[in-house]
Amino acid sequence: MYAFEYKRPTSVADAKAAVAGEARYLAGGQSLIQAMKLRLSQSDTLVDLSGVPDLKTIRMDGANVVIGAMVTHAAVAASADVQRTCPALAELAAGIGDPMVRNMGTIGGSIANADPAACYPAGVVGLGATVHTNQRTIPADAFFIGLYETALQAGEMITAVSFPPLQKAAYVKYKQPASRFALIGVVVSHGAGGVRVAVTGAKGSVFRATAIEAALTANFTAAAAKGVKMPTTDINSDMHGSAEYRAAMISVMASRATAAALAR
């Protein structure tokens with residue numbers, strides 16, 4: 001690991017002021033610290049957000065549940081508000097990694113990292129969330145733009161993520177046994193904005209499976225989702241699964257998520 005300066009502000013304003021040059025925000029550190037240990041990432045300064053209490057709350061804003069950026073996966077899973085208003089999100093959080101990761105990793109850190117096989121990006125896009133920063137609000141569909149790339153500008157900090165109420169929703173993933181990242185993970189939801197189907201693990205970034213959305217809009221059943229043949233365009237292919245395999249598994253996972261959503 002390269003040498004760096006460490007700062008631990010206690011407010012959003014102080015955290016913003018501490019970021020300059022090659023400084024980076026440190027959330028749960030489950031990805032960033034490991035990359036730095038391997039010298040795959042380098043920062044002159046780390047600005048630790050764990051001392052900012054305003055980023056650690058879960059609250060209701062009308063019908064929406066608003067989750068602070070520094071809320072851990074374990075806290076999301078255990079929250080009565082999340083379980084009541086968005087049970088699919090609570091279940092998604094409960095299935096991330098192992099207990100250490102769930103107790104250290106945060107929702108803000110996960111989506112800012114934008115790992116192409118992480119669960120939260122599918123949750124944010126598939127559940128129609130809104131990302132709040134210290135500068136603006138960003139709809140989920142505009143937040144993830146590529147491999148480990150987001151719409152965040154230099155120095156911009158995620159402060160919270162808000163999720164609307166949904167009629168039906170579920171997340172199902174086929175996980176890599178060692179890492180528990182998604183080989184394929186699919187969120188299916190149905191709410192006021194219609195049907196959304198978000199896929200993680202298949203491409204360089206989370207994406208919406210519009211063909212499956214169309215099929216479920218016409219007929220919200222597991223069979224309708226499974227009947228869609230997904231193209232292999234831009235689908236990942238590696239030692240864990242070919243592009244053809246992953247494309248086929250998108251429809252399978254979508255059908256299982258649809259069945260789970262209907263069973264609620």
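Please order Ser79, Ser179 by the number of other Cβ within 10 Å, starting at the fewest. List each step's numbers first, then the result.
Details: Ser79 19, Ser179 12.
Placing the least packed residue first, the sequence is Ser179, Ser79.
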Helical mean residue ellipticity (222 nm; -39500 (n - 2.57) per DSSP H run of 4+; nearest 500) of the chain: -9000 deg cm²/dmol
Simple SL model, points at 7 angstrom along Cα→Cβ for Asp81 and Arg264; separation in nm is 1.8
If the reach is capped at under 12 angstrom between alpha carbons, list the aspartates and glutamates near Lys173, excluding any in the same chain fewer than eight residues apart. Glu91
What list do you get for Asp14, Asp238 if you sort them by fewest beta carbons within 10 Å? Asp238, Asp14
What is the distance in Å between the Cα centres of region 181-208 and region 68-138? 14
Ranked Ser242, Ser255, criterion: other C-beta atoms within 10 Å, fewest first: Ser242, Ser255
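By the gyration tensor of its Cα atoms, with a ≥ b ≥ c the square roots of the eigenvalues, what is the shape of region 168-262: rounded for a/c under 1.5, prolate for a/b over b/c, or oblate?
Details: a/c = 1.95, a/b = 1.58, b/c = 1.24.
Prolate shape, in that a/c is at least 1.5 and a/b is the bigger ratio.
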Nonlocal amide H pairs with Ser41, under 5 Å, H built at 1.01 Å: Met36
How long, wide and thick is the chain, going by the Cα atoms along their three principal axes, in whole angstroms, largest first? 54, 45, 31
Quick one: if you stick a label point 7 Å off each Cα along the C-beta vector at Thr221 and Ala94, how many nm between them? 2.9
20 Å Cα-Cα reach of Lys203 towards aspartates and glutamates, excluding residues that sit fewer than 8 places from it in its own chain: Asp115, Asp141, Glu149, Glu213, Asp234, Asp238, Glu244
Please compare each pair in Lys56/Lys175; Lys37/Lys226; Lys37/Lys175 to a cut-off of 32 Å on the Cα-Cα distance and tell me which ones are over it. Lys37/Lys226
Cβ-defined net charge surrounding Val124, 12 Å radius [Lys, Arg +1; Asp, Glu -1]: +1
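A short reminder: the numbers here are calculations on the coordinates, not readings from a lab. All values derive from a computational prediction rather than experimental measurement. Quick reminder, even Gly has a Cβ in these numbers, built from the backbone with ideal geometry, and neighbours come from all protein chains shown.
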